[in-house]
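Before any comments, here is the structure.
The values are calculated or read from the model by the stated rules, or taken from the named source; none is laboratory data. Note that the structure is predicted; figures quoted are calculated from it, not measured. In this analysis, Cβ positions are derived from the backbone assuming ideal geometry, glycine residues included, and neighbour counts consider all displayed protein chains. Side chains included, ligands, DNA and RNA excluded: accessible areas come from the protein's heavy atoms. Shrake-Rupley method; radii C 1.70, N 1.55, O 1.52, S 1.80 Å.
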Amino acid sequence: MAKESVLRNAGEEAQGKTDRQNLGDVIHVATNSPHIAIDVALLRCIKNMVRGSDENVRAAVDLLMDRLKKNHAQVRYLSLLLIDELFTRSKLFRALFVPMFETFLLLSVGYRSDYALPPPSDRAALLRSKSMEFVEKWNDMFGQHYRQIRLGYEYLKNTVRLQFPNLREDAARAEQQRSERDRRTQELLQKKYKRLQEEFAEKKKDTLFTLLEMEECFTILEADQREAGVIDHLDVRSMAHQHQEDEEGEDGEDQYERYGAASLRAMHEAQGDKVLHQETQDNAAVFDSLRELLKLLTNKHIPNTQEWMSILMRVDLQEGKFHDAMLKEVIDIRNQLFSARNQCERLGLKCAILEENPTGEDNMDGIEWEVGGVSNDSFEPCYQPISTSPEEQEAGVMAEGSHKSGDATNNTLFSMRKSTDSLLPDTARQGLLNEAPMLTWGSFLDNWGKESGIPANTRGLLLESHWGQVDPDVLIPADKIAEINMRSTYYQPQSSDIRACSAPLRKGGLCQRKDLHTCPLHGRIIPRDSLGKPIHSDSQLGETSSRVDSVPSDRRVTSTKSMHESTSDADDQLKGADMHALESKGQIVGALLKQAITNVRVKAETNRKMKIVLRNKRRKDREHNEAVLRAAAMGQTSQGLQEILGENVESSDSHERRGKASHNRNGGLTSLLRKKPTVKDRLAKRLLTGRVTDATVAQLTRDEESSYRQSFPNQW
Amino acid sequence: MWRELRQREAGSIRPSLLAKHACYRRSRSLQLAKRKEIVSAHKSGVNSLQIDAAESRYLLAGASDGSIAIYDTQQATHFDPSSQIAKHEALSTIDRRTNEGHEYAVSSVHWYPIDTGLFVSGSFDRYVKIWDSNLLQVELQFKMPGKVYAVAMSAVASAHMLIATGTEDVRVHLCDMASGAFTHTLSGHRDGVWALQWSASSEWVLVTGGCEGAIRFWDIRRAGCFLVLDQHRTQIGQRSKSASFIHDQAGTSNGMNHMETNSERGSSFLRKRTAHHTSIRRPEAAKLSRQHPGLTVAQGVATAHYGSVTSLQTTYDGFYLFSAGLDSRVRLWDMESGCNTLINYGTTRIAGKKGLQLSFSPDGSLLFVPSDTIIQAYDVWTGNLHATLKGHYDLVNCCSFHPLDQELYSGSNDRQILVWAPPGGTSEDLDPQTQVQADEDNWSD
């Protein structure tokens, strides 16, 4: 379009045009588009040109001010965007632009009522908000150097009292709030950290003690197992244990490190051997204590360590040495705890613990821990034995009931089958099922097979929101209930697949239309092979007759009456023909058959023609009636005629406008200016045409009303 | 500049000429002052500004919210080192909350011509009040029959202390500060009086401009007005005789006059007054008194403007009178002959419902006319537009030229008092490095 040519021109300097003209062209194109932003290529081009020389800056100021004076908000808006781009970049531009700042404000903010912003209004609003944003920004950036900007900003803010977006202050406030929040959390964390420092040693000892006990339990179990002779790589294990026992008296850290190594090894070995420890009479006490310890571990120690960790990770400290050491310790303890727990799980101790404390992993404060995947499979074994047994009993009871009544509902069928698997032999059950009718579920099933009556009104609610007397003795008799619960079913046609026409198409493939008898494109539907060739079975007669016979009853019902007639007619004829054919074979049969078919076709054709004639006549009648009604309605409303005329005028008008619009489409800016039909306009138009029909309806109702009043003078 | 200084050193030009040239150049290069700001203490439009005659230091401002403030134009109250801006805040403020403060808009303020211990304010609440500027107390007050539009005191008076007040009323009242009573009532106008000016040459001559468009000259020692200016009685430009006189005076006594210290001023006033009064004023009055009574009637209906006269301003030497009217015209009158000099000042837009203040540079070369939101600087004798000062965002009401600093102060309805100064700053010479840092080209691409 123009843009490309302009860009090209701007690119080639040796065009004979001056810079100023080039710049003018580019700015004109850039500000003359219906888009909400300036084209990036054009913007870059303008920036490059303006940057080129001071002369160009001067030219740009003049040109942009000129564009800003255009009586179109869109042009002004785009100019404003350009001005901002240049204003923030070039000092000379600012120096030249600032003396005209008042004019600029007048044209872009439009703070004076006698210099209102030009249409279109949506762009004008955009222009105003944007320019205010820019003025604020400029005031922040350059207000100190340019008094005019400061003055303008202050005037708009303090005297005109425009609401500036106040971006800087907002950002500052948000920043301050955030820092305040951070500070508060840090304070809290510091407090927690202090407390942690105080009680860390004690708690650590506690935790380690628990772990030690558990480890001892594990070793006892190991020992048992070894005695049983299942595994015998024990040297490592015993060494570790030895180590541990040796150094028990030493300081905590060292001991705990060894201990960590040992337990990790133990874990590794436990993974290695697949055989599970079995709880027996002998080691029941060990298992019990282990269970206790595990409970303590998951309920107390693991959450504790996790909390410590989150505190240590989030707290912000100047001196990091002690903090780092502590963090390391905590991580190690945590790993140990998890490994111990894993070992317990491997011993089959998990379910009980998890049931007691399923929320062990919940209080993690949004920090990822690599625990995962325990809860799902741990719940399943617990669930099965508890839930199945009562269900089964229940189902059994229900099944008995249903057998007594000799009927089964859809709903209970499933559970019944489940339960009767055990009660009845398979074949007998299958037979019964085949016999049983299917019923859809309904409220009638509540009172299924009830002998006694039902109390009539126990709640005292007579009608809606009206209370009456309660008589507990009144019963609704059973036969009455049965009458009330009379079920009604609706006929549902059996769905049968309709054959496709499958006549070969000219472009290849087969016709996929599915019609009952006749494809509107390919005529009668006949059986065809996979290529679409009609299959001529041994006798045309047999085929047709069988087809006519095979028309299912429901199809016959839905088919049109004439079709029905014709088919039945054909039926008769064909039956006759059939008999002949049985007697004398040969050509006579064929001739007769043909004759019959032509007869049928002719009859059908005449029927069709008659129908068309009738339909046409009815349509004419209807048109006439409508015209008469319309005329009557028009006569009643005084504006009727005008409306008609107006409508005509308007429609022609709109045609013209459409023509114009197509002319103006390329402009873009003018289309912005044109008033778009609002929803209100459209509704009004609709109502105006609707008024004619409304008048008729009103007249009719009025007549009806008057007759009604005459016949029932006392009522409304 | 440097060349002239050297010439003066060498004695090839006279010192006064150097001063005159400097003043001339400076007053012709006015622009919005970058490093001097007056922080307006007013919450509404500024109606009246005056720099005191004694020291040329204190600026008195009256505003539409009834507040009056005094600013120091020399000494900044606050200096912002980062932006190098000197801020002049109000030294003292009187507003509605002050005891006996004006209730409605202050339309006009005036320093006591001898010193800065007193000032006079006239307000739309019908009072003219005389304030002690140190105690900020009302010393005297006069109740007027209507809104007060203008107050004026004679700068050259030595025999009286009269305040002339222009009000809604058709009569001009003269209030005597010494006795606290009305001494005169001058009736002759057919409508309210928006503009008043004492003659700069005679302490007895008062010029008033009314809403009916008439400008009347009064000799307060006599009954009735002795001259009504008629816009159709014209002469072309300066009279040849006075032109040379003016030129001389601009070069010597006038330029000197305002560069001189305060003590010397009284004597120069005295000299001028005696000279003018004896030689010029006398025959004029005598001539008028011999006129046929019918002529005075004919004179009585003459108009100077086709609308209200919004402002009057005599030149410092008292020979000429500027007037502006709602017909958006500025006229220069020869006070001697009472003729319109027919100098065509360009298009102005004078609007508003009250008086304006014109101002002109003391060397008599530039006239500043508030015109809508801008101030136009006209060359006095050619009427050419010299400069347009843009900066206000609303109607400009008044402007006042500082005779020593060549600065212009202007007050407007946008509540600001702007300082227009020659570039380069007046007192502070600042290191330009700081400014350049933030304000420079920033081409990112």
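So the values come out like this:
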{"read-out": "Check on A:V57, touching a residue at least 24 places away in the same chain (Cβ under 8 Å) and either within 11 Å of chain B (Cβ to nearest Cβ) or surrounded by fewer than 15 Cβ atoms within 10 Å (Cβ to Cβ) (or both)", "value": "yes"}
{"read-out": "Qualifying residue in region B:168-180 (condition: of a type in the set (S, T, Y) and open to solvent by less than 10 Å² (accessible area, probe 1.4 Å))", "value": "no"}
{"read-out": "Region B:169-197, residues that are part of a loop (DSSP other than H, G, I, E, B) and closer than 25 Å to B:D230 by Cβ", "value": "B:D169, B:V170, B:R171, B:S187, B:G188, B:H189, B:R190, B:D191, B:G192"}
{"read-out": "Hits in region B:198-225 (condition: open to solvent by less than 40 Å² (accessible area, probe 1.4 Å) and in a strand (DSSP E or B))", "value": "B:W198, B:V205, B:L206, B:V207, B:T208, B:G209, B:G210, B:I215, B:R216, B:F217, B:W218, B:D219"}
{"read-out": "Any chance B:N344 is open to solvent by 20 Å² or more (accessible area, probe 1.4 Å), at pLDDT below 90 and within 29 Å of B:D191 (Cα to Cα)", "value": "yes"}
{"read-out": "Per-region count, region B:311-369, residues hydrophobic (A, V, I, L, M, F, W, C), assigned to a loop (DSSP other than H, G, I, E, B), at negative phi and more than 12 Å from the chain's Cα centre (by Cα)", "value": "6"}
{"read-out": "Selection count, region B:96-118, where residues are hydrophobic (A, V, I, L, M, F, W, C) and free of Cβ contacts under 8 Å to residues at least 60 places away in the same chain", "value": "2"}
{"read-out": "Filter result for the condition that a residue is touching a Gly at 6+ places or on another chain (Cβ under 8 Å) and of a type in the set (A, V, I, L, M, F, W, C), over B:L389, B:L367, B:L342, B:L408", "value": "B:L342"}
{"read-out": "Residue match in region B:31-50 (condition: more than 14 Å from every other protein chain (Cβ to nearest Cβ) and open to solvent by 30 Å² or more (accessible area, probe 1.4 Å))", "value": "yes"}
{"read-out": "Residue in region A:663-683 that is modelled with pLDDT under 70, more than 28 Å from A:D122 (Cα to Cα), among the small types (G, A, S) and surrounded by 13 or more Cβ atoms within 10 Å (Cβ to Cβ) present", "value": "no"}
{"read-out": "Matching entry among A:R513, A:R487 (being assigned to a loop (DSSP other than H, G, I, E, B) and under 30 Å from A:P455 (Cα atoms))", "value": "A:R487"}
{"read-out": "Total residues in region B:305-339, condition more than 21 Å from B:F226 (Cβ to Cβ), open to solvent by 10 Å² or more (accessible area, probe 1.4 Å) and not hydrophobic (A, V, I, L, M, F, W, C)", "value": "7"}
{"read-out": "Restricting region B:355-379 to residues that are touching a Lys or Arg at 6+ places or on another chain (Cβ under 9 Å) and more than 14 Å from chain A (Cβ to nearest Cβ), the residue that is farthest from B:D191 (Cα to Cα)", "value": "B:D363"}
{"read-out": "Subset of region B:92-111 [in contact with a strand residue (DSSP E or B) (Cβ under 8 Å, 6 or more places away or on another chain) and over 18 Å from B:Q357 (Cα atoms)]", "value": "B:S92, B:T93, B:I94, B:D95, B:N99, B:E100, B:G101, B:H102, B:E103, B:Y104"}
{"read-out": "Matching residues, region B:120-139, being aliphatic (A, V, I, L, M) and open to solvent by less than 10 Å² (accessible area, probe 1.4 Å)", "value": "B:V120, B:V128, B:I130"}
{"read-out": "The one condition in (1) assigned to a strand (DSSP E or B); (2) within 14 Å of chain A (Cβ to nearest Cβ) that B:H386 fails to fulfil", "value": "(2)"}
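Here is a yes/no grid of residues against (1) open to solvent by 20 Å² or more (accessible area, probe 1.4 Å); (2) over 28 Å from A:Q163 (Cβ atoms); (3) in contact with a Phe, Trp or Tyr (Cβ under 6 Å, 6 or more places away or on another chain):
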position: A:R51; (1), (2), (3): yes, yes, yes
position: A:M65; (1), (2), (3): no, no, no
position: A:K69; (1), (2), (3): yes, no, no
position: A:P119; (1), (2), (3): yes, no, no
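Results for (1) over 17 Å from B:R25 (Cα atoms); (2) among the acidic types (D, E), shown as yes or no for each residue.
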| site | (1), (2) |
| --- | --- |
| B:A324 | yes, no |
| B:L332 | yes, no |
| B:L342 | yes, no |
| B:K353 | yes, no |
| B:L356 | yes, no |
| B:G364 | no, no |
| B:D372 | yes, yes |
| B:L395 | yes, no |
| B:Y409 | yes, no |
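Okay, residues lined up against (1) within 9 Å of chain B (Cβ to nearest Cβ); (2) open to solvent by 10 Å² or more (accessible area, probe 1.4 Å); (3) touching a residue at least 12 places away in the same chain (Cβ under 8 Å):
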{"site": "A:D84", "(1), (2), (3)": "no, yes, yes"}
{"site": "A:T88", "(1), (2), (3)": "yes, yes, yes"}
{"site": "A:L96", "(1), (2), (3)": "no, yes, yes"}
{"site": "A:F101", "(1), (2), (3)": "yes, no, yes"}
{"site": "A:L107", "(1), (2), (3)": "no, yes, yes"}
{"site": "A:R128", "(1), (2), (3)": "no, yes, yes"}
{"site": "A:E133", "(1), (2), (3)": "no, yes, yes"}
{"site": "A:W138", "(1), (2), (3)": "no, no, yes"}
{"site": "A:Y146", "(1), (2), (3)": "yes, yes, yes"}
